[in-house]
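Undergrad: Got a structure for you, questions after.
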Amino acid sequence: MENFIFKNPTQLIFGKGMISKIAEEIPQDKKVMLTFGGGSIKRNGVYDQVCKSLEKHTTIEFWGIESNPDISTLRKAIALGKKENIDYLLAVGGGSVIDGTKLVAAGLCYEGDSWELVLNPSLIKTAVPLASVLTLPATGSEMNCGGVISCRENKLKYSFASPHTFPVFSVLDPETTYSLPSHQVACGLVDTFVHVMEQYMTTINQSRIMDRWAEGILQTIVEIGPSIMKDQTQYDLMADFMLSATMGLNGFVSMGVTQDWATHMIGHELTALHGLTHGHTLAIVFPGLLRVLKKQKSDKILQYGERIWNITNGSKEEKIEETIVKTETFFRSLGLTTRLSEESIGVDTINEVEKRFNDRKVAYGENENVTGEVAKEILINTL
Ligand code: NZQ
Ligand code: ZN
């Protein structure tokens, strides 16, 4: 195990009806800006619950943080927050609203343009306190300090992270997820699964406890995914899904182990260039990545195949192939396509991703060998 320092300050408030607790958590003297997406919370009753809880607080509202939050929208939120002297933020929605609000929290304390903070998060020296009410299990944003911000004008999508942008608290009520479109449910399941994979499918024998913890989340998603796709209003299943998503990306499975993240970085380019939903990009890229890197990752693929899919028969090569097929079939069983060609995306995009990685001189993965050239090979494997 490698050395590490771990700290996660976010308080979780979990369960039915727990939105009513937010009033107790936000000091009465704060001027709160509530940040929202496009309106789903008005239709499912979450907005009313939040307003009721905060009826004695001073609040203003900012609507319209879109999926894959855009810097132009967040600049408007920052301008409003500065004008109104906001000193607390409450994000109500999915990962996009929470991510966007993290940048707003930092941007309210920064003189320059907030895009600079995305490009260079070390410029974030402090932030306005932020909290969240999560309505979509997927990103883990409710209990981590990262965010992913898009700039549609230039077809860019970049992640940032800062110790100053952890939510103070996050409310997770599984009942808020009943109204999700089934495509978002499927994407959330895959996002959770691949978050764990980015921290697990690397080097073998680094930590038994991290491996078992990660496998526990993978196994849970494999077990509950099909039932959730049939009926997403089963409280106990959605509760496990919500907690799995949070635990998948709050630092608890990455202590002292190497991480990959190449699937995510390639996926972000597909969203930036074509608008594909985040989790869907991962369902396409991850099986392709396993195919291209199967030699490097062979021992870990075998461990994963045996422990999650009970694959024990055949040669090493056969077991690896069966494991990759099972993984892709699982994503497809949730109703997602897993091939770029099924989305009518072809070599032009693949060449553009390669060019972007080369221009940026980046190389991802636990061995820092996923260069532009390797990313291209991975995407060709998804055609
Ligand atoms: O905008 P509204 O009307 O709220 O609708 C949203 C949106 O259209 C809808 N929705 C959310 N909760 C709902 C609901 N509809 C009905 N009922 C509900 N309860 O779902 C749509 C998608 O929402 P969005 O927030 O975009 O999805 P998600 O939570 O998957 O977030 C995706 C963003 O998070 C980033 C992604 O790159 C993407 O930009 N990520 C953030 C991470 C992080 N902060 O750590 C890590 C992830 O890997 C990911 O990259
Ligand atoms: Zn993700």
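Derivation of every value follows stated rules applied to the coordinates shown; laboratory data play no part. Computed from a predicted model, the values in this text were never measured in an experiment. Here Cβ is always computed from backbone atoms with ideal geometry, including for glycine, and neighbour counts include all displayed protein chains.
Undergrad: Once you have the alpha carbon radius of gyration of the stretch 1-144, what is it after dividing by 2.2 N^0.38 Å, with N set to its residue count?
TA: After normalising by residue count via 2.2 N^0.38 Å, the value is 1.04.
Undergrad: If you don't mind, there's one more thing I want to ask. For a quick check of your reading of the filter: which trypsin sites (Lys or Arg not before Pro) in the stretch 239-313 sit in a DSSP loop and have no more than 11 other Cβ atoms within 10 Å? It would help to have the intermediate numbers written out before the result.
TA: Working: sites: R291, K294, K295, K297, K300, R307; in loops: K294, K295, K297.
Loop-located and lightly packed - K295.
Undergrad: Expressed as an acute angle from 0 to 90° and rounded to the nearest 10, what is the orientation of the C-alpha long axis of helix 347-360 relative to the principal long axis of the chain?
TA: With both axes taken from Cα atoms, the answer is about 70 degrees.
Undergrad: F169's amide H: which non-local residues (gap 5+, or another chain) put their own amide H closer than 5 Å, with H modeled 1.01 Å from N in plane and none for Pro or chain starts?
TA: For F169, whose amide H was placed from the backbone, the distant partners under 5 Å are Q11, S132.
Undergrad: Further question on the same structure: Quick one: grab the alpha carbon gyration tensor of the stretch 332-383, order the square roots of its eigenvalues as a ≥ b ≥ c, and give me rounded if a/c is under 1.5, else prolate or oblate depending on whether a/b is larger than b/c. Mind showing how you got there, number by number?
TA: Details: a/c = 3.04, a/b = 1.63, b/c = 1.87.
Here the stretch 332-383 falls in the oblate category.
Undergrad: Also: Starting from the eigenvalues of the Cα gyration tensor, five times each then square-rooted, give me the equivalent ellipsoid semi-axes of the stretch 215-257, largest first, whole Å.
TA: Working: eigenvalues 103, 21, 7 Å².
In descending order the semi-axes read 23, 10, 6 Å.
Undergrad: Relative to the longest principal Cα axis of the chain, at what angle does helix 208-230 sit, 0 to 90 degrees, rounded to 10?
TA: 80 degrees
Undergrad: Ranking E142, E368 by Cβ neighbours within 10 Å, fewest first, what do you get?
TA: Details: E142 29, E368 10.
So the residues, fewest neighbours to most, are E368, E142.
Undergrad: Would you grab the residues whose amide H sits under 5 Å from the one on E61? Only those 5+ places off in sequence or on another chain, please, with H modelled 1.01 Å from N.
TA: Those lying under 5 Å, H to H, from E61 are L34.
Undergrad: Another one. Given K155/K297; K42/K82; K157/K355, which pairs have Cα atoms separated by over 20 Å?
TA: Working: K155/K297 32 Å; K42/K82 26 Å; K157/K355 15 Å.
Violating the 20 Å Cα-Cα cut-off are K155/K297; K42/K82.
Undergrad: Then there is this: Tabulate in residue order the Karplus-calculated ³J(HN,Hα) for the stretch 231-247, using 6.51 cos²θ - 1.76 cosθ + 1.60 with θ = phi - 60°, rounded to whole Hz; enter x for Gly and Pro.
TA: Going residue by residue, I get 8, 8, 10, 8, 3, 5, 5, 5, 5, 5, 4, 4, 6, 4, 4, 5, 5 Hz, with x marking Gly and Pro.
Undergrad: Would you list V194, V325, V46 from fewest to most Cβ contacts within 10 Å?
TA: On the way: V194 28, V325 13, V46 23.
Taking fewest neighbouring Cβ atoms as first place, the list is V325, V46, V194.
Undergrad: Is there a pair in K21/K76; K31/K102; K294/K316; K30/K102 whose C-alpha atoms are over 19 Å apart, and which pairs would that be?
TA: Numbers: K21/K76 29 Å; K31/K102 17 Å; K294/K316 11 Å; K30/K102 17 Å.
The answer is K21/K76.
Undergrad: If you take the square roots of the eigenvalues of the alpha-carbon gyration tensor of the stretch 259-330 and sort them as a ≥ b ≥ c, do you get rounded (a/c under 1.5), prolate (a/b over b/c) or oblate?
TA: Values: a/c = 2.88, a/b = 2.18, b/c = 1.33.
It is prolate, given that a/c is not under 1.5 and a/b is the larger ratio.
Undergrad: Comparing L289, L218, L119, which has the greatest mean-square fluctuation in the GNM of the chain with Cα pairs linked when under 10 Å apart?
TA: Of L289, L218, L119, the Gaussian network model singles out L119 as fluctuating most.
Undergrad: A further question on this structure: Once the Cα gyration tensor of the stretch 80-142 is diagonalised, what are the square roots of 5 times its eigenvalues, in whole Å and ordered largest first, as equivalent ellipsoid semi-axes? Don't jump to the answer; show the numbers that get you there.
TA: Details: eigenvalues 84, 42, 15 Å².
Taking √(5λ) for each Cα gyration eigenvalue gives 20, 14, 9 Å.
Undergrad: Considering all projection directions equally, how large on average is the shadow of the alpha-carbon convex hull of the chain, in square nanometres? Present the calculation step by step, with values, prior to reporting the outcome.
TA: Numbers: hull surface 71.3 nm².
Taking the Cα atoms of the chain, their convex hull projects to 17.8 nm² on average.
Undergrad: Let me ask something additional. Let me make sure I get this right: for the stretch 179-245, a, b and c are the square roots of the gyration tensor eigenvalues over alpha carbons, sorted descending. Under 1.5 in a/c it's rounded, otherwise prolate if a/b > b/c, else oblate. Which is it?
TA: In terms of gyration-tensor shape, prolate.
Undergrad: Also, quick follow-up: So between S72 and N120, what do we pick up on full extension, going 0.36 nm a residue minus the alpha carbon distance?
TA: Here the answer is 15.5 nm.
Undergrad: How large is ³J(HN,Hα), in whole Hz, for each residue of the stretch 54-60 in order, when computed from phi with the Karplus curve 6.51 cos²θ - 1.76 cosθ + 1.60 and θ = phi - 60°, using x for Gly and Pro?
TA: 9, 4, 9, 8, 8, 9, 10
Undergrad: I want to check the label-to-label distance for K295 and E111. Put each point 7 Å from Cα in the C-beta direction and report it in nm to one decimal.
TA: Simple spin-label model gives 5.4 nm for this pair.
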